[in-house]
């Protein structure tokens with residue numbers, strides 16, 4: 001992903017969208033936060049610029065806010081960070097605006113909580129596969145499910161862990177370059193989009209680990 | 001798990017069963033390798049003792065071979081390491097012999113290979129949940145799916161990685177004590193048995209990573 005490519009974020013005003021956008025804006029990428037509410041999106045972009053500047057990031061941090069569909073239209077790379085229960089609605093709304101061959105990165109975790117977190121496929125498939133179904137013109141990948149949103153949003157927090165990426169090999173390489181642009185994260189090739197459901201389910205497993213140990217754990221491949 | 005508890009292995013003559021039995025025998029646990037063929041089981045036990053002795057393990061390594069059902073009858077802790085396509089048959093065969101409250105550890109990965117490895121639920125549930133269904137008198141857990149069988153079998157190989165354990169909390173603690181008895185492995189509480197399918201699917205993801213990087217990777221939780 002060239003540095004001047006625009007990164008759009010559906011659900012860019014939620015914790016994960018804000019966090020990923022902040023880290024990647026600080027790494028030099030222009031970002032466009034999307035929201036159902038354009039005013040909220042603009043406020044989040046203003047806040048992002050203030051956070052980046054306050055942390056001493058280069059003055060060149062570029063962040064704007066737009067209504068989701070306008071953000072999607074501008075995106076060369078589109079992160080999908082909406083809650084799972086709003087996923088179909090958001091995708092249907094933006095689909096006509098998504099350009100051919102846009103790289104889509106689904107970070108959506110479809111989880112239910114019944115005593116503990118549990119992965120629940122959306123319409124029988126993973127969230128990423130639903131993205132592929134509703135955005136057939138795009139190149140859909142799955143990544144960033146297990147990264148801590150609060151740590152992404154705190155530029156002083158030490159991230160750690162691997163970003164497993166599912167999709168076609170060429171698309172995965174572009175996502176991995178983005179993951180590697182965030183300090184202490186590492187992108188890893190992890191198979192085709194049919195494996196995306198495993199990444200989403202892994203989040204539920206990590207929540208179970210967190211709950212037991214009262215920690216915020218990540219995941220890393222060893223011997224790699 | 002007290003050191004004198006007997007560890008039985010269904011499918012104890014396959015690579016994972018042999019590897020786990022070897023490591024846990026060296027750690028001081030009496031093991032009984034099970035097989036459909038009692039002669040093969042006894043030969044595997046003889047081989048295990050030779051390997052352990054050759055590697056300088058204490059003379060007290062106790063390993064025997066039995067037909068699966070006899071191994072199950074002797075087990076205080078029963079590892080299930082059979083191939084997924086023989087799982088129902090093996091469980092039905094041994095079920096009458098499994099004692100009440102036996103701790104069962106399912107390491108079965110139900111995978112299909114169509115271009116890449118993919119997790120395929122057995123009869124609609126995880127292999128571990130099928131164990132629970134067919135062995136209602138037992139305490140069923142899921143663990144050891146992602147540990148490398150060749151490395152377990154090679155006492156000189158450096159293992160690394162976490163053993164995520166699903167099941168009831170008390171049962172998980174007993175499994176974790178077994179994982180921790182193997183050098184450089186670490187058992188981790190990872191939720192209830194309903195999460196076991198995620199552990200099984202994770203193996204397919206790891207196979208995809210291995211194939212891409214031509215490595216044998218493991219998995220570890222960070223910040224834990």
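Quick note: the coordinates plus some simple rules give every number you see, no bench work behind them. Given the structure is predicted, the values throughout are model-derived calculations rather than measurements. Heads up, the Cβs are rebuilt from the backbone with ideal geometry, glycines too, and the neighbour counts pull from every protein chain shown.
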Percent antiparallel among DSSP beta bridges (both partners in the protein assembly as shown, rounded to 5): 25 percent
Exam field: residue B:38 pseudo-label spacings to other copies (7 Å along Cα-Cβ), nanometres: 8.1
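Nearest 5 is fine: what % of DSSP beta bridges in segment B:71-224 come out antiparallel, could you say?
30 percent
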Fraction of beta bridges assigned by DSSP in segment A:5-143 that are antiparallel (%, nearest 5): 20 percent
Isotropic mean projected area of the C-alpha convex hull, segment A:1-127 (nm²): 8.4 nm²
Calculated label separations, residue B:5, copies of the chain, 7 Å along the beta-carbon direction, nm: 5.2
Global form of the protein assembly as shown, assessed from the alpha-carbon gyration tensor, a/c cut-off 1.5: prolate
Förster radius 30 Å - calculated FRET efficiency between residue A:50 and residue A:137 (Cβ-Cβ, nearest 0.05): 0.25
Likely footprinting exposure, A:113, B:79, A:9, fewest C-beta neighbours within 10 Å first: A:113, B:79, A:9
Segment A:154-204: C-alpha gyration tensor shape, a/c 1.5 cut-off, then a/b vs b/c: oblate
Footprinting exposure proxy for A:42, A:215 (fewest neighbouring C-beta atoms within 10 Å first): A:215, A:42
Translational D in µm²/s for segment B:77-136 (Stokes-Einstein at 20 °C, 1.002 mPa s, Kirkwood Rh from C-alpha pairs): 179 µm²/s
Nearest-to-axis residue of chain B, judged by beta-carbon position, where the axis maps B onto A, in Å: B:220, 3
Cα shape, chain A, gyration tensor, a/c 1.5 rule: rounded
Largest to smallest principal axis extent of the C-alpha atoms in segment B:120-224, angstrom: 39, 29, 29
Exam field: residue A:83 pseudo-label spacings to other copies (7 Å along Cα-Cβ), nanometres: 4.6
